[in-house]
1. Quick query: amide H of Ile100 versus all other amide H atoms, modeled in the peptide plane; which residues come in under 5 Å with a sequence gap of 5 or more or a different chain?
2. Using a 1.4 Å probe and ignoring any ligands, DNA or RNA, find the accessible area of Val381 and quote it in Å² to the nearest 10.
3. How about Lys196: which lysines have a C-alpha closer than 19 Å to its C-alpha, ignoring those fewer than 8 places off in the same chain?
4. Taking loop as defined by DSSP and a crowding limit of 14 other beta carbons within 10 Å, which chymotrypsin sites (Phe, Trp or Tyr not before Pro) in the range 11-120 fit?
5. Taking the Cβ of Arg23 as the centre, find all other residues whose Cβ is under 15 Å away and add up their charges (Lys, Arg: +1; Asp, Glu: -1).
6. Label-point separation (nm) for Leu322 and His90, each offset 7 Å from Cα along Cα-to-Cβ?
7. Please state the shape class of the range 159-219: rounded when a/c is under 1.5, otherwise prolate if a/b exceeds b/c and oblate if not, all from the C-alpha gyration tensor.
8. Let me check I've understood the local charge: for Leu48, count other residues with C-beta under 13 angstrom from its C-beta, Lys and Arg +1, Asp and Glu -1. What total comes out?
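The values are calculated or read from the model by the stated rules, or taken from the named source; none is laboratory data. Predicted model, so just to flag it, every value in this text is computed and none were measured. Note that each Cβ is placed from the backbone with ideal geometry, even for glycine, and that neighbours are counted across all protein chains shown. The accessibility values were calculated without ligands, DNA or RNA, using every heavy atom of the protein model including side chains. Shrake-Rupley method; radii C 1.70, N 1.55, O 1.52, S 1.80 Å.
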Amino acid sequence: MATILYVDDDPTIGLLLEDTLLRAGHRAVGARSVPQALQALSHGDIELIISDFKMPGMTGLELLAHLREEAYDIPLIMVTGYASIEHAVHAIKAGAADYITKPVRPEQLEHAVTKALQVARLRKENNVLRHEVMALRNERQIIGESAVMRRLLQTVATAAPTRATVLLQGESGTGKELVARAIHDQSERADGPFIKLNCAALPEGLVESALFGHERGAFTGAIKRVAGAFERAHGGTLLLDEISEMRLDLQAKLLRVLQEQEFERVGGTSPIKVDVRIIATTNRDLAAEAEAGRFRRDLFFRLSVIPIEIPPLRERGDDIPLLAYRFAAHSANEAKKELAGIAPDALLLLQRHDWPGNGRELQHAIERAVILASGPMLLPVHFEGLRFGLAQPLGASRDASLRVSEHAANGFGSADYERVVLNSFDLNAAESQLIARALEVSEGNRTRAAELLGLSVRTLRNKLNSMPRS
């Protein structure tokens, strides 16, 4: 069951300890002095130590101190005589797992060993879980020390403990889902479910079922009852991603659920009560969408109890090195590469770029640089001239981006067409040409083209359907 080292200068006691440990199913390793015990520690995977207190040379207490100094995470049971019970007290204070008195009784030893091994294994499991939790927290951690990010984090800390709905608005790639998760993790619902539903990614006929679930036989293919996002999020948080893409008729049903905290499954007749906090995200100006009649005004007011604007990366240039280092460390770990850092001139290059794709674009650029790098440092050469799906080289100025957009708005020739910044469009006069360019860059992949354009797939599909056939 376990490899246990016993340390005692008395051969009779040593035989008793070994016999008891073997009968209990353990592997026993013996030593008659502390130096022998230290040698045994260097040769095997010792899980527990049983040591006499008084021995020639170094004592058991000194062995315990050495274990702590050398950061051995191995429990030790101290063996002491009746007349030396104060030694046992000293041992426990010094970190011993337990103590037993002489004469050693086999049943007493077995009980102490079982208890010490259980505690050691629980501690090891807790350490593993702690590392997993810390890794997860690091993945979810919002990186940023700029003034705008400090204000954002303060708003998150203020909003999280409340039950109010939150509307997160920001460009694609700014980390809206990360902020939503932070709000959930800092709320009283942190132990509850966190359910995400992308309103733009689902086929139109399945959005209502995805939200509210359905009964068996509610529609063709509904072979069993299925719980929807609201039902699964009971007691937790429901993230409605790209809420601006939801159909108007479903917006009315969503408003009722928010007000009444109850709904009916598709095909059902019985109301279901839920306790769900709503966080919605959009990359559009939802107030403008509501004003234009493309989004329900009453739902907008209901969702925006706490509106939070996520700043684009170009407004938080001081955070780019922090993000770059985080992405580089993660990418190097994934690629199993040794990475010492990012050269200062490479960091300067990253800070000069506008990053129209925001954090997501930076992450992809870093990932690609890590793959391309042959040495331990990321250098400017790993970034310069790379387009990452854009026609504008990395490091070009924001003024140049604006000039290209002006060319696009006023009509342009083939040379200007090749220079269009696909993530920073003016979609008025040049919309058809820009969509065509996005489809060309993405090799006809509509999902990628929509991401380049900053649109949902559904919106891109509608625009394509409305474009005149050539």
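1. Residues meeting the criterion, in which the H sits 1.01 Å from N, are Met78, Val79, Thr80.
2. 100
3. Lys176, Lys253
4. Qualifying residues, ordered by number: none.
5. After counting each charged neighbour, the total is -2.
6. 5.0
7. oblate
8. Residues close to Leu48 contribute a combined charge of 0.
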